[in-house]
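Below is one structure, written out as structure tokens; the observations come after it.
The values are calculated or read from the model by the stated rules, or taken from the named source; none is laboratory data. Everything numeric here is computed off the predicted structure, so don't read it as measured data. No Cβ is skipped: glycine too gets one built from the backbone with ideal geometry, and neighbour counts run over all protein chains shown.
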């Protein structure tokens, strides 16, 4: 896990979940979050650059992540960082008002 602090406040984090079973040891999942008040400061890009460095050191071949329908900012960042969408989970997320949203799965080959 990597956490970004600005003036002592945690404003974002990123986690790399490396698979440990032999057949999937070449893969890892990524989760990332950045507070809205610090969007557009390059924090997400820096997180990915460090994750890619770690992934290379660990000899990973594939990184995976998901984003929720409507989160165009995340989709744009992920595409900029080389991820491509490969699947959709329809009605994966149910929000407070009952609306169902799809979840999109993305992958990056290293």
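For this structure, a couple of remarks:
- Residues in region 36-47 that are touching a helix residue (DSSP H, G or I) at 6+ places or on another chain (Cβ under 9 Å) and assigned to a helix (DSSP H, G or I): 44, 45.
- Residue 33, sole failed condition from (1) part of a helix (DSSP H, G or I); (2) closer than 15 Å to residue 66 by Cα: (1)
- Taken as a whole, region 6-21 holds no residue that is surrounded by 11 or more Cβ atoms within 10 Å (Cβ to Cβ), modelled with pLDDT under 95, more than 16 Å from the chain's Cα centre (by Cα) and outside any strand (DSSP E or B).
- Any hit, region 90-107, residues being touching a helix residue (DSSP H, G or I) at 6+ places or on another chain (Cβ under 8 Å), under 30 Å from residue 8 (Cβ atoms) and modelled with pLDDT of 95 or more: no
- Scanning region 69-82 for residues that are part of a loop (DSSP other than H, G, I, E, B) and more than 16 Å from residue 15 (Cβ to Cβ) yields 69, 70, 71, 82.
- On the stretch given as region 22-49, residues that are closer than 17 Å to residue 107 by Cα and surrounded by 13 or more Cβ atoms within 10 Å (Cβ to Cβ) total 10.
- Residue among 66, 50, 88 that alone is more than 12 Å from the chain's Cα centre (by Cα), assigned to a strand (DSSP E or B) and in contact (Cβ under 8 Å) with a residue 12 or more places away in the chain: 88
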